[in-house]
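The values are calculated or read from the model by the stated rules, or taken from the named source; none is laboratory data. Quantities reported herein were computed from a predicted structural model and do not represent experimental measurements. Please note: Cβ atoms are built from the backbone with ideal geometry, for glycine as well, and neighbour counts cover all protein chains shown. Each accessible area value is taken on the protein alone, full model and side chains, heavy atoms only, with ligands, DNA and RNA left out. Shrake-Rupley method; radii C 1.70, N 1.55, O 1.52, S 1.80 Å.
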There are 2 protein chains.
Amino acid sequence: MSKIKEKSTNNQNRKFLSNCDMTYAVEVIGGRWKILILVNLANGPLRYSELKRKIEKVTERMLTLQLREMESDGIVKRTVFAEVPPRVEYEITPIGEKLVPICLQLSDWGTLHRETTKNSL
Amino acid sequence: MSKIKEKSTNNQNRKFLSNCDMTYAVEVIGGRWKILILVNLANGPLRYSELKRKIEKVTERMLTLQLREMESDGIVKRTVFAEVPPRVEYEITPIGEKLVPICLQLSDWGTLHRETTKNSL
DNA sequence: CTCATTACGTACATTTTTGTATGTATCACA
DNA sequence: TGTGATACATACAAAAATGTACGTAATGAG
């Protein structure tokens, strides 16, 4: 906003102003099941049915939908094996990996927040 | 899940299993306008109309709704001054502050992700 | 021949989120 | 007396997300 010469807080402000990337990131992980999927894949690839079992409450439809979105967002990779019965494996992509530590921080924050607010609210 | 003695990767798994906190955190920041509000408040308190001006596309209704939710989630504080015309200021709470750096990381990730995928997708 | 398994697809219903439009109280100022 | 500013509220509508129920192809096991 301010035109040209400014120092110290300017880097911060830059980031604040490029908020689209932030909103964008939240959209990418914002689905009801996406971060659960992400962290479940953090230990290595899993097939569809394994994911289904790990995330008990998700329906097949939702699991499929979220995986497809994550795939087209480039954070998971889908591999089909030509077998019968079918076998499909999902794994995190390198850029998806970079989300994992952030998710863990969110988890920590969530824990902290719960502990904090259970006393005050 | 596994009952008792396990070492190395166990801490990781613990975190992964406490995924509720993660989901919870995503819900807290998941509203369409919440992180924008958050980072706009990161430099100090703002009044309603100032927020409105900074986040141009938000409607008054949405701004109010999101602020109310953030208030009841304990990440922003609302202060009413008994003046006419009315004056209401919003500021981040200490625990809300702790979300800011995480949001910035998300922003960075978003930037990176865009740069990466614009070539490959 | 029948049944189970796997990884989905599809139609439809419900819920949640977001948006649009309009109204309101108070007071200062012209 | 009329107008503008502020920080909302409220009714209604549209859109997006999520859920429910059921179907499907291929094949090996019994």
Please state, rounded to one decimal and in Å, the Kirkwood hydrodynamic radius that the range A:11-120 gives when every pair of distinct Cα atoms enters the mean of 1/r. 15.5 Å
Taking each residue in B:69-77, count the Cβ atoms of any other chain within 10 Å of its Cβ, then average. What number comes out? 1
Under a 5 Å amide H to amide H cut-off, with H placed in plane at 1.01 Å, what residues pair with A:V76 once short-range neighbours are removed? A:E71, A:T93
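With a 1.4 Å probe, how much accessible area is buried between chains B and A, both sides summed, in Å² to the nearest hundred?
Chains B and A together bury roughly 4300 Å² of accessible area.
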Inter-copy distances for A:P101, nm, shortest first, label points 7 Å along Cα→Cβ, are 1.2
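Treating the beta-carbon of each Lys and Arg as +1 and of each Asp and Glu as -1, no other charges, what is the dipole magnitude of the range B:14-120 about its Cα centre, to the nearest 20 debye? Write out the running numbers ahead of the final one.
Details: 17 positive and 14 negative charges, 44 e Å.
Using Cβ point charges on Lys, Arg, Asp and Glu, the range B:14-120 gives about 220 debye.
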With point charges of +1 on the Cβ of Lys and Arg and -1 on the Cβ of Asp and Glu, referenced to the Cα centre of the range B:14-120, which listed residue (B:V80, B:T93, B:T23) lies farthest in the positive direction of the dipole? B:T23
Checked against a 26 Å limit on the C-alpha separation, the offending pairs among A:K98/B:K34; B:K52/B:K77; B:K54/B:K118 are B:K54/B:K118
Would you jot down the residues in the range B:24-50 that end up with at least 40 Å² less accessible area in the complete protein assembly than in the chain alone, with a 1.4 Å probe? B:Y24, B:A25, B:V26, B:I35, B:L36, B:V39, B:N43
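With a 1.4 Å probe and all protein chains left in place, how much accessible area per residue does the range B:14-120 have, in Å²?
Spelled out: the 1.4 Å probe surface of the range B:14-120, per residue, equals 53 Å².
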Nm distances between copies for B:K57, ranked from closest, using label points 7 Å along Cα→Cβ: 3.1
Tell me the label-point distance for the pair A:C20, A:R47, using the 7 Å Cα-to-Cβ offset, in nm and rounded to one decimal. 4.3 nm
Taking H placed 1.01 Å from N in the peptide plane, check which residues at least 5 places from A:R47 or on another chain put their amide H under 5 Å from its amide H. A:Y90
Please give the contour-minus-distance gain from B:R32 to B:M62: 0.36 nm per residue of separation, less the Cα-Cα distance, rounded to one decimal in nm. 9.9 nm
Show me, for the range B:60-71, the HN-Hα J-couplings you get by feeding each phi into the Karplus relation (A = 6.51, B = -1.76, C = 1.60, θ = phi - 60°), rounded to Hz, glycine and proline as x. 4, 4, 5, 4, 4, 4, 5, 4, 5, 5, 5, 5
